[in-house]
Amino acid sequence: MRVLLVGAGGVGTAITRIAARRPFFEHMAVADYDLGRAEAAVAALGERGDRFGAVRLDASDQAAVRSVLAEHRCDILLNATDPRFVMPLFEAALAQGVDYLDMAMSLSRPHPSRPYEECGVKLGDEQFERAADWEAAGRLALVGMGVEPGLSDVFARYASDELFDEIEEFGIRDGADLTVEGYDFAPSFSIWTTIEECLNPPVVYEEGRGWFTTAPFSEPEVFDFPEGIGPVECVNVEHEEVLLVPRWLKARRVTFKYGLGDEFIGVLRTLHKLGLDRTAPVAVKSDAGEARVSPRDVVAACLPDPAGLGERMHGKTCAGTWVKGSKDGRPREVYLYHVVDNQWSMREYGSQAVVWQTAINPVAALELVAAGTWGGSGVLGPEAMPPRPFLDLLADYGAPWGMREQ
């Protein structure tokens, strides 16, 4: 396998550090708009970096992406950029006749008049509209294959296959007890992506009703997370799992709730109130003249890079899927989960916990695709793949998962 990795930020760099320890691929071209960042990711691998090369690439330039795919004779494009670049990379891979894998899907657009009741354009809709073209080309687009979405969807398929006869609800629940020394406010993941998913109308799925939306931060609940993290208040957030799971698995209800905390929610609401969550450029005047910048990009530029917070970060992060239903005529509830301790991920890989937990899953998926264990054609979510090989491979990577009977 020859891979084009687009994006050498926190997650992309963690991908290189995980992949460098695995023998399943021949070459990985690490591409970024900032060539220095791509070169730093490769240089950090030391002796393990002989199968890697750094490339400068504008992810929005489909012709340039195709050129790099051809030059490096790549079989697959792994997208580790933010969701703005999903469609140009997705389309470039199809046009070049290579497979594609991402961790976040094409962006949604709220309903123009009823944003908190009805869906407009849903996450992933633009990609699924192209499913027939991918199938006709005989190529695989494996979408939403990070940790959430990704591992959480694998958990859902595993629960459906092996743990339950009927499922009342799949509930993705994400929580952490992470703290960052020296900062009053320092998100552990991309603030650009966090704003997108937290301030858009959350989507819920119900059998017989389909997909619908609610107000941001709705239906708060306290969820008790394992391995010492403890109770965290979680709220509805827009996320890909709710759009993916019902396409392959049967359940009466699918939800995603994120443990944000009152302070984080307050900051997000303030950004929205001030219009600082907007992506459209605005004119900004200064002594040097006038420039047009996106308010959200300014917010991101003012905050510390999450990838560089590992040394100041303490605690654990947990991603998982809570499932309620019945087995052999008896009620059952389980929580399938994956916990990463930041101290461990920093010591073992030099990557903070949240980006490392995201990064390990696409690498494992690539290995299964390379082996022919996972495959197919069209636009497919993790639910379309057999779950047991993936879960077994996680343990082989030194990242075992857990299950708690509720």
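Each reported figure results from applying straightforward, stated rules to the coordinates on display, with no laboratory input. Nothing here was measured: the structure is a model prediction, and the numbers come from that model. Here the Cβ positions follow ideal geometry from the backbone for every residue, glycine too, while neighbour counts run over all protein chains shown.
Here are a few things to note about the model shown:
- Using a Gaussian network model of the chain in which every pair of alpha carbons under 10 angstrom is joined by a spring, one finds that among ALA44, ALA29, ALA136 the greatest mean-square fluctuation is at ALA136.
- Spatial separation of Cα centroids for the stretch 74-89 and the stretch 104-137, in angstrom: 17
- At least 20 Å along the helix axis (C-alpha) and Kyte average at least -0.5, DSSP helices within the chain: 353-371
- Unit charges at the beta carbon, dipole of the stretch 151-354: most positive-side option, VAL154, TRP344, ASN236: ASN236
- Between VAL282, VAL323, VAL68, the Gaussian network model of the chain with springs among Cα atoms under 10 angstrom shows the greatest mean-square fluctuation at VAL282.
- Annotation: peptides 147-153, 59-65, ranked by per-residue average of other Cβ atoms within 10 Å with the highest first, follow the order 147-153, 59-65.
- Modelled this way, with points 7 Å down the Cα-to-C-beta line, the labels at THR373 and ASP305 are 3.3 nm from one another.
- Additional length obtainable on full extension of the chain from GLU117 to ARG209, 0.36 nm per residue less Cα span: 31.9 nm
- Shape category assigned to the stretch 2-102 from the gyration tensor of Cα positions, a/c cut at 1.5: prolate
- Relative to the current alpha-carbon distance between SER67 and ARG2, full extension at 0.36 nm per residue lengthens the span by 21.9 nm.
- For the pair the stretch 265-343 / the stretch 7-24, the C-alpha centres are spaced 21 Å from each other.
- Spin-label zone in the stretch 142-170 - amide nitrogen under 13 Å from a point set 7 Å from the Cα of ALA131 along the C-beta vector: 142-143
- The GluC sites (Glu not before Pro) found in the stretch 96-146 that occupy coil by DSSP, while having at most 12 further C-beta atoms within 10 Å, are GLU117, GLU129.
- Prolate/oblate/rounded label for the stretch 103-243 (Cα gyration tensor, a/c 1.5): rounded
- Under the combined filter of DSSP loop state and at most 12 neighbouring Cβ atoms within 10 Å, the stretch 171-256 retains these chymotrypsin sites (Phe, Trp or Tyr not before Pro): PHE185.
- Chymotrypsin sites (Phe, Trp or Tyr not before Pro) restricted to DSSP loop in the stretch 80-181 with at most 15 other C-beta within 10 Å: TYR116
- Global geometry of the stretch 151-354, whether rounded, prolate or oblate, following the gyration tensor of its Cα atoms and the 1.5 cut on a/c: oblate
- The chain - charge dipole about Cα centre, Lys and Arg +1 at Cβ, Asp and Glu -1, debye rounded to 20: 380
- Put a dot 7 Å past the Cα of TRP344, heading toward its Cβ, do the same for PHE185, and the two dots end up 3.2 nm apart.
- Sum of -39500 (n - 2.57) over DSSP H runs of 4+, divided by residues of the chain (222 nm, nearest 500): -9500 deg cm²/dmol
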